[in-house]
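Notes follow once the structure below has been shown.
The values are calculated or read from the model by the stated rules, or taken from the named source; none is laboratory data. On a predicted model such as this, the values are computed, not experimentally measured, just so you know. So basically every Cβ, Gly included, is an ideal-geometry build from the backbone, and we count neighbours across all protein chains shown.
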Amino acid sequence: MTPTRKRRLIAVLLILAGVSVAAVVASISLQQNLLYFQSPSDLAMQPIPPGRQFRLGGLVKPGSVNRVEDSLATRFVVTDGPKEVPVEYVGILPDLFREGQGVIARGSLNDGGLFEASEVLAKHDENYMPPEVADALEKTGHVSASTDYSKE
Amino acid sequence: MTEKTPNKTKLRKNPVVLFIHKLGSPAYFYHFTGKFIPWFWAIFLVLTAIGMYQAFFVVPSDYQQGESFRILYLHVPAAWMSLLAYIIMAVCAFIALIWRIRVVEILAMCSAPVGAAFTVVTLVAGSLWGRPTWGTYWVWDARLTSELVLLFLYLGVIGLYNAIDEPRKAARAACLLALVGAVNLPIIHYSVKWWNTLHQGSSISLMGGSSIDSSMLWPLLVMSIAVKFYYGANLLTRSRVKLLEQDLRKGWVRNIVREGK
């Protein structure tokens with residue numbers, strides 16, 4: 001390698017190293033802002049005061065969905081295993097909203113600890129399979145896999 | 001190429017090095033790649049026909065998402081290609097910045113519009129998929145935002161290249177931007193791991209296998225190979241045209257015009 005090329009190589013590598021360090025520092029310092037949602041466990045560790053908007057994410061607890069009669073209101077419980085938060089939402093839910101499925105709700109807590117959602121999005125997992133395979137898995141005792149929300 | 005390697009005679013003996021050196025010559029590159037392009041288009045068309053037929057008519061619907069999951073067969077190959085096109089662009093940019101090989105500069109610059117197109121396909125197909133499944137076209141989570149940043153990086157490279165009149169200088173500036181923007185690639189890939197996102201995690205990893213049922217998997221692989229051939233054909237065609245444009249007055253182009261091939 002000629003000296004000119006060596007010099008260029010060093011310059012380019014230095015620039016790359018600098019940019020990488022900057023990117024790492026930026027993403028670590030933005031860690032909290034880049035979290036799209038808080039899990040019920042996050043909430044238990046770092047409580048968010050009532051009235052402040054945030055996104056709550058987790059699984060819809062099976063058996064917890066109640067539709068309020070004569071209105072579009074739905075009540076359900078969002079859980080991530082150890083902790084859970086009750087949610088109320090008025091509006092049309094996405095097609096994939098169902099018990100055991102992941103959701104992300106935007107809204108705020110009221111004084112009674114109920115999360116009043118203004119928007120509910122369904123989060124789906126990375127598993128794709130035909131219905132027959134899902135049935136077979138359920139029969140053999142494999143719970144139809146759902147996203148792991150236990151990660152921090 | 002006017003630059004000389006110091007121990008040229010020694011390197012000449014190695015057939016691989018010789019071939020790479022030859023490819024650096026615009027005339028040789030033009031003729032060599034010209035032979036592949038029709039084959040690339042043919043393979044792309046055949047694989048796409050097979051893959052799309054399978055994806056739309058043969059593959060069973062998903063147990064959760066029903067029919068809408070079929071967008072996967074467009075969205076995922078396009079998303080992989082949008083990243084791979086950037087990797088190729090960045091590697092070419094790196095080589096171009098240090099060795100100043102004009103053919104490689106042109107390859108880097110011609111990868112940008114193709115990659116940008118795949119990024120647009122990824123974003124549009126993804127948002128059309130997001131509406132029925134998530135309930136929204138767009139959210140500002142880490143995965144979606146970093147993929148949008150990828151589009152802006154591509155547009156930045158294209159813009160910078162076209163903003164400077166002298167093509168070699170323009171390529172050098174744009175190559176540097178392309179290289180710096182490569183830090184976004186791991187961010188896109190790991191965004192679903194590092195942060196809570198609405199976008200689900202990766203279904204397929206090189207080491208860990210696939211969480212897509214095998215009956216649904218192979219059309220995805222067919223489609224992802226098909227887009228690679230599309231990319232190859234498109235990249236090489238663009239590069240050849242760019243070479244012709246730049247070398248309009250050079251001997252090898254005159255020969256092509258005279259001989260009509």
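Couple of notes before you dig in:
- Residue in the stretch B:59-66 that is among the charged types (D, E, K, R) and either in contact with a Cys (Cβ under 7 Å, 6 or more places away or on another chain) or more than 30 Å from A:Ala136 (Cα to Cα) (or both) present: no
- Flag if B:Ser146 is farther than 30 Å from A:Ala134 by Cβ, within 14 Å of chain A (Cβ to nearest Cβ), without any contact (Cβ under 8 Å) to a residue 60 or more places away in the chain and surrounded by 19 or more Cβ atoms within 10 Å (Cβ to Cβ): yes
- For the stretch A:4-99, the strands (runs of 3 or more DSSP E) that sit wholly inside it and include 1 or more residues that are over 19 Å from B:Gly135 (Cα atoms) are A:73-79, A:84-90.
- The single condition among (1) surrounded by 15 or more Cβ atoms within 10 Å (Cβ to Cβ); (2) among the hydrophobic types (A, V, I, L, M, F, W, C); (3) more than 12 Å from chain B (Cβ to nearest Cβ) that A:Val68 does not satisfy is (1).
- Remark: pairs (first residue in the stretch A:1-17, surrounded by 12 or more Cβ atoms within 10 Å (Cβ to Cβ); second residue assigned to a helix (DSSP H, G or I); Cβ separation under 6 Å; 6+ apart in sequence or on different chains) = A:Arg5/B:Ile98; A:Arg8/B:Ile98; A:Leu9/B:Ile98; A:Val12/B:Leu97.
- Filtering the stretch A:85-121 to residues that are free of Cβ contacts under 8 Å to residues at least 60 places away in the same chain, touching a Gly at 6+ places or on another chain (Cβ under 6 Å) and facing chain B (nearest Cβ under 8 Å) leaves A:Pro94, A:Leu121.
- Count - residues of the stretch A:18-51 that are surrounded by fewer than 15 Cβ atoms within 10 Å (Cβ to Cβ) and within 12 Å of chain B (Cβ to nearest Cβ): 12
- Boolean, B:Ala163 is over 20 Å from B:Tyr73 (Cα atoms) and at the interface with another protein chain (Cβ under 9 Å from one of its Cβ atoms): no
- Tally, over the stretch B:213-236, of residues that are within 14 Å of chain A (Cβ to nearest Cβ) and crowded, with 21+ Cβ neighbours inside 10 Å: 3
- Filter result for B:Ala108 (under 30 Å from B:His21 (Cβ atoms) and buried (at least 20 other Cβ atoms within 10 Å of the Cβ)): yes
- Out of B:Ile43, B:Ile106, B:Ile87, B:Ile101, sole residue that is within 24 Å of B:Thr237 (Cβ to Cβ) and at pLDDT below 95: B:Ile101
- Tally of residues being of a type in the set (Asp, Glu) and modelled with pLDDT of 90 or more across the stretch B:216-261: 2
- Failed criterion for B:Asn196 (all others in (1) out of contact with any Gly (no Cβ under 8 Å at 6 or more places or on another chain); (2) part of a loop (DSSP other than H, G, I, E, B) hold): (1)
- Sub-6 Å Cβ pairs linking a first residue in the stretch B:189-211 that is at the interface with chain A (Cβ under 7 Å from one of its Cβ atoms) to a second residue that is among the β-branched types (Val, Ile, Thr) and not in a strand (DSSP E or B), at least 6 apart or interchain, are B:Leu198/B:Val139; B:Gly201/B:Val192, ordered by first then second residue.
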